Structures are given as C-alpha cells and as structure tokens.
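To start, the structure itself, in structure tokens.
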C-alpha cells in the first residue's frame, strides 16, 4: 500500500516550500495548494501550511476534493495553521469527488478566531434551493456502491477522473480485466516521465500511455501528447526524464527530437491574429476568437447558430459590424 503521508523522493515539505517561494519571487498574487485527489492528510496539511506561511507573505489557498474522505479534517487543520482561503461546496453538491460541504465548516468555526462571518441560515436557504434542482441531475451520480468516498484512492493515489478515463479506454479495448496491471504501470510511467503531478491534462496523458504500455509493450506505441510532454511543451517536470528514454520517445517526432528547456509558450507560433483573420466578422468578441482557436472544426457553425445566421458559411459576413478586440 502506498504511504499517504507527504514525503518520498520528490514531493517533500522542502519541495513545496521552495516552490511557493519561487512563485512569490515570480510576482504571483497568491499561492494555491491543489489537492486534486483528496490525498492531503490533516497533519500534513498543518505542517505544510505552517511551513509555507513562515516563508511567504502571499495569501495561501487550499483546494481539496472529498474523494478519500479526509478533506474536511484537512481543511480544519489547515485553518488552524493559518491558511487564508479554502474551497468548499454547498451540501447538495458536496462530498464524493466534489469539495467539502461549506455548512458544517462554517458551523464548526463559529465562535473561534477563524470564524468566517458567513450567515449559516442563508447558506441553508441556498442549499434548499439546490435540493429542488438536484433531482434533475441524479442520473449522473454513481450508484454502484453505497460509500460516497473512494477508499481505493488511499492506496493507488489515482484521481477519480483519471480512473474514469482508464476504465473507459479499457472497455473499448475489451481489456477491463487488466485494470490492476495498469494501476501498477501508472506508477512506473509517472516515474519515467519525471514524476509530474497527476492533474489534468498530464494525468490523462500518463494514464493513456500506461494503457498502451500494458497492452502493447512499454513505449512500443507512444501518444503524441506524451511526446509533447517529453519535449518539454507542458513545462519542466519535477525530476529529469532519462535522456535515453527521451531519445527513444522523440525519435523522428515532427515537433522536435531534442527537449526544450525554456518557457513552452515561446516555442509556439502566434495564433490570435491569424485566427481573427480566418474567422472574420463571425467573431464578435475575444471569447469567440479563443473558442475558434480551441475548436476550429466546429466553431464557425456554432457562431452562425449563436448569432442567428442561417446563410451558408462565409456569405454575408461582410455586413456585420466590426467590434474592437482587447489589446
């Protein structure tokens, strides 16, 4: 079983403190600790928040999920240690893989020096409103087990969203019986890739590659996304990637064979001006342009529908008033 306490060869207390100081020196307005799988234990949270607060003057924010069942306890210890912000959710949509419920936390802190000042009665009214809406979405809740927490995450430490993707991929390949092998391979693939945090999109990249490694042999088939990770386009990994493995993965890769060491965005061609020119007056604001960059295949049709244009693509757009874009 994996040790759920903080530590190991990479993610030590010293690592997190150094990272927080680095972010402050870069000019950040705040530092956020993101615990995407709900793995941060209460006592580690106390030690971590205490250590970081001693070293930086920025507001410290904690975001955790209830996946493992520890998050409410973790928040309370983090609050005792001086954390400035915690993320919560109204009770009807809290817990499970969501965030801790706000109502019991506000109640627990009443009368203390860390009291929130929030009106519990108003929160309860909002909760009742959501209870009236919630039945519409009940079909999206997992009903395959009684527990609202995932005890397994305490052992394999794989975020729930990542597990959903893994099981979906394996079902398509008729290989769901190999899930336990893939849990083991995720750990090794993550180490091979420099121990990146298992948070989107990297968690999906690592998970997909673990599936390929188990089904076809280790790095026999490699996704383009993993190649981009090795190339450095997702940023610097906490630990270096083995140079021989990187060479094997990047062999003949069209985007490059030598990992970059600078800021990833510096290696990308500017896209915004070209996108504005291509989409023309169909885009009425910056959000439309950004959406077109993200979804070039479908956004033109979407924008025509959005603005009530039924004529064929490209016809009549010259009559639309040009709107100013932000600099």
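Cβ-Cβ distance of residue 148 and residue 184, R₀ of 45 Å, FRET efficiency by 1/(1 + (r/R0)^6): the value works out to about 0.95.
Estimated at 0.36 nm per residue, the fully extended path between residue 191 and residue 301 surpasses their Cα-Cα distance by 35.3 nm.
Placing a pseudo-label 7 Å from each Cα along the Cα-to-Cβ vector at residue 223 and residue 266 gives an inter-label distance of 2.8 nm. Per residue, the convex hull spanned by the Cα atoms of segment 56-157 amounts to 126 cubic angstrom.
Length available on full extension from residue 239 to residue 199: 0.36 nm per residue minus the Cα-Cα distance, which gives 12.8 nm. Maximal additional length on extending the residue 93-residue 309 stretch stands at 74.0 nm, based on 0.36 nm per residue less the C-alpha distance. Spin-label pair residue 22-residue 247: with each label point 7 Å from Cα along the Cα-Cβ axis, the two points sit 2.7 nm from one another. On the basis of the beta-carbon distance and an R0 of 25 Å, residue 10 and residue 30 show a calculated FRET efficiency of 0.55. What the Cβ-Cβ distance of residue 286 and residue 177 gives, at R0 = 45 Å and to the nearest 0.05, is a FRET efficiency of 0.40.
Read-outs: derived from the displayed coordinates by stated rules, not from any lab. In this text the structure is predicted, and so the values were computed from the model without any measurement. Positions of Cβ are generated from backbone atoms using ideal geometry, with glycine treated the same way; all protein chains shown enter the neighbour counts.
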